[in-house]
Amino acid sequence: MTVISSVATAVLPHPPEWPVYTGAAIAEASALVARGRTFDYGRGPQLERLEDSFAALCGRRHALALNSGTSALFAGYFALGLGPGDEVLVPALTFPTTVTPLLLLGAVPVLCDAGTDSDSGNVTADTLRARITPRTRAISVTHLWGHAVEMGPVLELAKAHGLAVLEDCSHAHGSRLRGRPVGGFGHVAVFSVGGVKLVSGGLGGVLLTDDRQVYERACLLSAFRQRSNASVESPALRDYAETGLGGNLRMSPVACVLAQSHLDALDDLVARKEANVRRLLSGLTGCPGITPMPEPPDRTLGARYGVHLVLDEHLADRRREIVSRLRARGLKVEAPKTGPLHLTRLFRTGPPDGWRLHAGADWTRGPVPHRAEELWRRWIALPATYLHDAEGSIVDPYIQAIHREMAEIADSLRSAHAHRQ
Ligand SMILES: *Cc1c(COP(=O)(O)O)cnc(C)c1O
């Protein structure tokens, strides 16, 4: 192999990246595979257990396991009855699939800015209210990076305007707002339990609601026959169990047992990550050029899907350079991939030619969500998927490396400044 880079990259050891599974979880998954139980058309013990555990975690009546968080969002929007031309208030700053399933329904996402009550990037009742029109039907919020959205005023706003509320909790397993778990606030709540999420079965999602009708409609979208026969009771919907309503969004029981192993250990996993993150952030106090994102006093951040350093304003334009200098020291930092949606092709110019699913409404216009963009421009993402080990093995090396690099940057800026004087 030829080394083509002239920039020396230091090697810094990292623990295995999340998701990590215990021997017991792997044995349970293997046992299912050995018996050919790689799928479930009904609601077998693995699905039942995962659904019941999520319902209990958030104090909800109904839970439906689906094959991804994205599928759960799609099923949630569908089950709320959203359709062509319906406007849905969504965060400008969120993972794309909080929003994109709406397009498949012909609904119109309306990007809302980050609020000024915190630096989390979350929407607030004020930024949502600013975009309400007579066509608004629902509000969708994301508890970004694990920071719970201030739900009280959002629910009041929704009530006053007759809007449904969906919570995307995919960053926030175990997060709480003044003691109350996220996922217990909206008409529908959704968790991804796939990928690098703190509760992960590789691919999976969960939909939660107290509304039997919503649950049954979501069920019909995701499964025909066995599952829908078992779960759909209302006379108006029961006859549709035979065919379902066009989706096959069922979760695999193998994924269920893997996700279950994380969910069963959630308190421990959260506590470990929390301890590592706090040690890392407090070790960076006083570091020139950055401030760790402030820790809110009245909410716990649960899964903490993202952990960020905030660059001082005068360094925002140098984020790319600073990230690559830190990476050259072996740090797995990056500009957060979850960024403001109005900067993406889909929202700048609309869908590609020939994609006729949207209602013809133009969802590329509207006021620019400036604050979301300004916050995001200053964030450097720390590798939250390497902060789950009991030892917190990357914490000290990261603290040292970041202090050194940021001090060097501050020095070079000072001497450049002195030179110009
Ligand atoms: C990961 C994620 C999703 C999508 O979940 P998948 O399981 O990957 O489909 C949706 N919303 C947010 C906020 C996410 O982080």
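Computed values, structure above
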quantity	calculated
Pair list, Cβ < 9 Å and 6+ apart or interchain, from region 316-338 residues that are of a type in the set (Ser, Thr, Tyr) to residues that are surrounded by fewer than 17 Cβ atoms within 10 Å (Cβ to Cβ)	Ser324/Val7; Thr338/Pro96
Residue ranges of helices (runs of 4 or more DSSP H) in region 28-122 with at least 3 members touching a residue at least 60 places away in the same chain (Cβ under 8 Å) and touching a Leu at 6+ places or on another chain (Cβ under 7 Å)	45-58, 69-79
Flag if Val190 is buried (at least 23 other Cβ atoms within 10 Å of the Cβ), more than 11 Å from the ligand (Cβ to nearest atom) and not charged (D, E, K, R)	no
Looking only at region 287-302, and only at residues there that are among the hydrophobic types (A, V, I, L, M, F, W, C) and under 23 Å from the mean Cα position of the chain (by Cα), the one that is nearest to Ser120 (Cα to Cα)	Met293
Helices (runs of 4 or more DSSP H) wholly inside region 319-417 containing at least 2 residues that are small (Gly, Ala, Ser) and under 30 Å from Arg278 (Cα atoms)	319-328
When residues of region 317-340 are limited to those that are closer than 15 Å to Ala381 by Cα and surrounded by fewer than 14 Cβ atoms within 10 Å (Cβ to Cβ), the one nearest to the ligand (Cβ to nearest atom)	Lys337
Region 82-104, subset small (Gly, Ala, Ser) and touching a strand residue (DSSP E or B) at 6+ places or on another chain (Cβ under 8 Å), residue modelled with the lowest pLDDT	Gly85
Top-ranked residue of region 31-71 - restricted to ones that are polar (S, T, N, Q) and more than 16 Å from the ligand (Cβ to nearest atom), ranked as surrounded by the fewest Cβ atoms within 10 Å (Cβ to Cβ)	Thr38
Criterion (within 27 Å of Ser412 (Cβ to Cβ) and in contact with a helix residue (DSSP H, G or I) (Cβ under 9 Å, 6 or more places away or on another chain)) met by exactly one of Gly289, Gly302, Gly306	Gly289
Test for Val310: is it in a strand (DSSP E or B), within 23 Å of the chain's Cα centre (by Cα) and closer than 28 Å to His173 by Cβ	yes
Meets criteria (at pLDDT 95 or above and within 25 Å of Gly121 (Cβ to Cβ)) for Ala236	no
Hey, Val141 in contact with a Gly (Cβ under 9 Å, 6 or more places away or on another chain), aliphatic (A, V, I, L, M), buried (at least 19 other Cβ atoms within 10 Å of the Cβ) and in a helix (DSSP H, G or I) or not	no
Residues being farther than 18 Å from Arg327 by Cβ and modelled with pLDDT of 95 or more - total across region 396-421	1
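The values are calculated or read from the model by the stated rules, or taken from the named source; none is laboratory data. Note that the structure is predicted; figures quoted are calculated from it, not measured. Ideal geometry is used to build each Cβ from the backbone, glycine not excepted, and the neighbour counts take in all protein chains shown.
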